[in-house]
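Participant: Quick one: this structure, given as structure tokens, is what I'll be asking you about.
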Amino acid sequence: MDVLFKENNIFYNILCILITENEKLFDRSDARLYWKTVYHMFLILHHCYVVSIGASLNIDLDHPEIRKLKKFRVAYLTGWNFSFQTMFLGLALLHDMLRWLDKHESKIGRKVKYFRDVIFNGLVFPFTCFVTGMFWCVYLIDRELVFPQVYDQIVPWWLNHCVHTNIFIVIAIETLLTRRRQPTDVKVERCLWVFVSVFYAVVYYSIYFFGGCWLYGVFGVMTWWQVCIYQACIWGSTWVFYNLNFFVNRMIHKEADSSPKTSTNGDLESRETTFQNTSKVSGVATVSKNKDVELNAKDGMNENGKTNAAYLNENNDENGKEWTSIGKDGQLDKSGTNFKRNQSSL
């Protein structure tokens, strides 16, 4: 009986240790980061697998459409968009790893987050919406104009959904998980959108003029004035999708309007001021990279445990705005109690 009791006691102690070591997974913010990391890791594996299967497809059938697919396989927008998503997911997973290591506020961490959000806003969201929407709309009207039936002999149905349907699920879940209520860098995002939109048009028009065939059959059934209108619709729709990204994000993440937290690139990040007292007079203020302000309130402490007003001003932070943190006569006991105040830049 004693042996059984000891074994149960040991098991109980081990269970307590495991719960204690992993208790931060039960914290709301860390749980969110945990699931984001799992999600991004799964998608990276998904995209790598799809790329490997696509590269190994046997496209040696003697058919005009198959020969065109083999010759211009790198020119299709579906492949371009899939590459944009893979690049974004790699940066997103890297940023998640940096957050687990508490390095996301370092120089490399801020760069990774910047490029992650710029690529998502300027490339991934607008072109994913366009590829999914345009492909399935034309497919339902006449699949021969966008995905001829002969493709079924070499492209499995599930692979078709991976590159034309799953890609939209990716950005839908990403929008739910991450707040991007405003552009990260408007000029860079719009330049990326303009460059890809114009350059891709040059690609498929060049294939027609120099290769003698349309990359997409839908252009072949149009007159030139209809092609011009259709091209304007392509550019206009991707521009609408770019702006729709932020509108949808604000609709989903409404609580961010009244939250005391603030963000630099759309993700909410708390700014916290910690006031600490010690027994000697010093008066030192330390500002960390993530704008957490730690003030050792030592100057002016009287025998009642009160400090004089402590002021900390920081101008022109990374958002280009001014903000001021003020601590007024904080009541400090002699045991070194910490007082925390959330600071936000509005």
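Participant: Write out, first by first residue and then by second, each pair whose Cβ atoms fall under 8 Å of each other, whose residues are 6+ apart or on separate chains, and whose first residue, in segment 40-66, is under 30 Å from W100 (Cα atoms) while the second is charged (D, E, K, R).
Facilitator: H40/D96
Participant: Same structure again: Among the residues of segment 131-139, are any in contact (Cβ under 8 Å) with a residue 12 or more places away in the chain and within 18 Å of the chain's Cα centre (by Cα)?
Facilitator: No.
Participant: Now, a different point. Given (1) modelled with pLDDT of 95 or more; (2) surrounded by fewer than 16 Cβ atoms within 10 Å (Cβ to Cβ); (3) not charged (D, E, K, R), where does T132 come up short, assuming only one miss?
Facilitator: (2)
Participant: Restricting to segment 44-78, name every residue that is more than 32 Å from the chain's Cα centre (by Cα) and part of a loop (DSSP other than H, G, I, E, B).
Facilitator: Once the filter is applied, which keeps residues that are more than 32 Å from the chain's Cα centre (by Cα) and part of a loop (DSSP other than H, G, I, E, B), segment 44-78 yields N58, I59, D60, L61, D62, H63.
Participant: Only one of (1) under 17 Å from the mean Cα position of the chain (by Cα); (2) crowded, with 18+ Cβ neighbours inside 10 Å; (3) among the aliphatic types (A, V, I, L, M) is not met by M41, so which one is it?
Facilitator: The failed condition is (2).
Participant: I'd like to know if segment 79-99 contains one or more residues that are surrounded by fewer than 22 Cβ atoms within 10 Å (Cβ to Cβ), over 13 Å from the mean Cα position of the chain (by Cα), of a type in the set (S, T, N, Q) and more than 30 Å from A232 (Cβ to Cβ).
Facilitator: So far as segment 79-99 goes, no, none of its residues is surrounded by fewer than 22 Cβ atoms within 10 Å (Cβ to Cβ), over 13 Å from the mean Cα position of the chain (by Cα), of a type in the set (S, T, N, Q) and more than 30 Å from A232 (Cβ to Cβ).
Participant: Evaluate the following for V198: is it modelled with pLDDT of 95 or more and β-branched (V, I, T)? Give the steps one after another, and end with the answer.
Facilitator: Working: modelled with pLDDT of 95 or more: yes; β-branched (V, I, T): yes.
Taking the combined requirement at face value, the residue satisfies it.
The values are calculated or read from the model by the stated rules, or taken from the named source; none is laboratory data. Just so it is clear, the model here is predicted, and its values are computed rather than measured. Heads up, the Cβs are rebuilt from the backbone with ideal geometry, glycines too, and the neighbour counts pull from every protein chain shown.
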